[in-house]
1. Can you work out the FRET efficiency for the pair residue 171 and residue 84, with r the C-beta to C-beta distance and R0 = 41 Å, to the nearest 0.05?
2. Can you tell me the length gained on complete extension of the stretch residue 116 to residue 138, counting 0.36 nm per residue apart and subtracting the Cα distance?
3. Tell me, what ³J(HN,Hα) does each residue in segment 58-67 have, in order and in whole Hz, if you take phi through Karplus 6.51 cos²θ - 1.76 cosθ + 1.60 with θ = phi - 60° and put x for Gly and Pro?
4. For residue 228, go through the lysines and keep the ones whose alpha-carbon is under 27 Å away, minus same-chain ones fewer than eight residues off.
5. Using only Cα atoms and rounding to the nearest 10 degrees, what angle (0 to 90) does helix 199-214 make with the longest principal axis of the chain?
6. Between exposed GluC sites (Glu not before Pro) in the chain, where DSSP calls loop and at most 15 other Cβ atoms lie within 10 Å, what's the longest gap?
7. Using 13 Å as the cut-off for backbone N distance, which residues of segment 303-345 belong to the label zone defined by a point 7 Å from the Cα of residue 365 along Cα→Cβ?
8. Beyond 14 Å, how much of the Cα-Cα pair distribution for segment 75-150 remains, as a whole percent?
Amino acid sequence: MENELTMENNNRRNFIKQLSVAGAAMATGTMAGCSPAETPVKESDIESTLLIPKAQGLKITGTFLDEISHDIPHQNWGEKEWDQDFAHMKAIGIDTVIMIRSGYKKFITYPSEYLMDQFGCYKPSVDLLDMYLRLADKYQMKFYFGLYDSGIYWATGDLSWEIESNKYVIEEVWKKYGHYKSFQGWYLSQEISRATKGAIDAFSSLGRQCKDVSGGLPTLISPWIDGKKAVAASSATISREDAVSIEQHEREWSEIFDGIKGSVDACAFQDGHIDYDELDAFFRVNKKMADKYGIECWTNAESFDRDMPIKFLPIKFDKLRLKLEAAARIQYDKAITFEFSHFMSPQSAYLQAGHLYNRYKEYFNMK
């Protein structure tokens, strides 16, 4: 009886062992008779099947760095995280980084003696400007310095206030940081959409000073189009009725371009304030004006979504694709984005941003 029980237990163990081996073989596709088609595919080998031609858009080769955030959450990165982000940017062909502003009201990116003394700005815990320049040197990127934004313009609507404060910032920054190889341009951070009081004088004088102090380094502006989606971030709505017409947009910006030519080298209109079926018409006018006045025509391809009541989340890939394809059709000179680190980076606080990065790489055949 004892021998029979022992044999039964051994048989049961052998049967269970055989099941385990068979299960493992099925999981790895190594069972006899398993065809290659049945072998599981590694996750890294899976790719989307696109219904549209690939790589028809203008590649993004520049991004803003929004460290002094106004209406998107801070990610609290240190140098380790920023170094990794520059590596992610480099991997998709980004060659230009633009610090969107060196300070906003009392928060600043570098320990400016002038801004701390005159505006009561808080001393930052680290010198972000120096860090960005070192990383740009390391990854062989061009760095554009964004001017200081006192916030006075947003309260008064008058840009002339920004001229005086930035006179000192420009001199201070170039003297302290101008030796970096990557310091290759200036961003006039005051954003406008239409004929704004003091805009021509501000852009002209600030642009000239930037170029004079640095031996002619290029200057950039990134205004917005006063379209149907040009609503305040604090607004509960996502669109409005009183949008600017293409004709009015062309009249107003022709006057502005005429007044700032020679002081501003490139203009990257923000592309998120108009609808997708308006892209070609507005882009065509922008390119025509820029060519007429000798200004490079860039696009600021926003990588966040303005079509949702939640402000702001990473954009749906097809929306970004439509905008980049329009820029390619109109033969824009360069595409930059606002903003890689929050809305496209694999290490962003938003999980969707890493997926957008993957879809972008897939579309442009990047490994």
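1. Working: r = 34 Å, r/R0 = 0.82.
For R0 = 41 Å, the calculated efficiency reads 0.75.
2. On the way: separation 22, 0.36 × 22 = 7.92 nm, distance 2.96 nm.
This chain segment gains 5.0 nm when fully extended.
3. Ordered by residue, 3J(HN,Hα) equals 7, 5, 7, 10, x, 8, 6, 10, 9, 7 Hz.
4. Reachable lysines: 59, 197, 287, 288, 292, 311, 316, 319, 323, 334.
5. In the chain, helix 199-214 runs at an angle near 80 degrees to the longest axis.
6. On the way: sites that count: 47, 241.
Maximal segment without exposed cleavage sites: 48-240.
7. Of the residues in segment 303-345, none has backbone N under 13 Å from the label point off residue 365.
8. On the way: 1765 of 2850 pairs.
Result: 62 percent of Cα pairs exceed 14 Å.
The values are calculated or read from the model by the stated rules, or taken from the named source; none is laboratory data. Owing to the predicted nature of the structure, the values given are computational and were not obtained by experimental measurement. Positions of Cβ are generated from backbone atoms using ideal geometry, with glycine treated the same way; all protein chains shown enter the neighbour counts. Heavy atoms of the whole protein, side chains included, go into the accessibility calculation; ligands, DNA and RNA do not. Shrake-Rupley method; radii C 1.70, N 1.55, O 1.52, S 1.80 Å.
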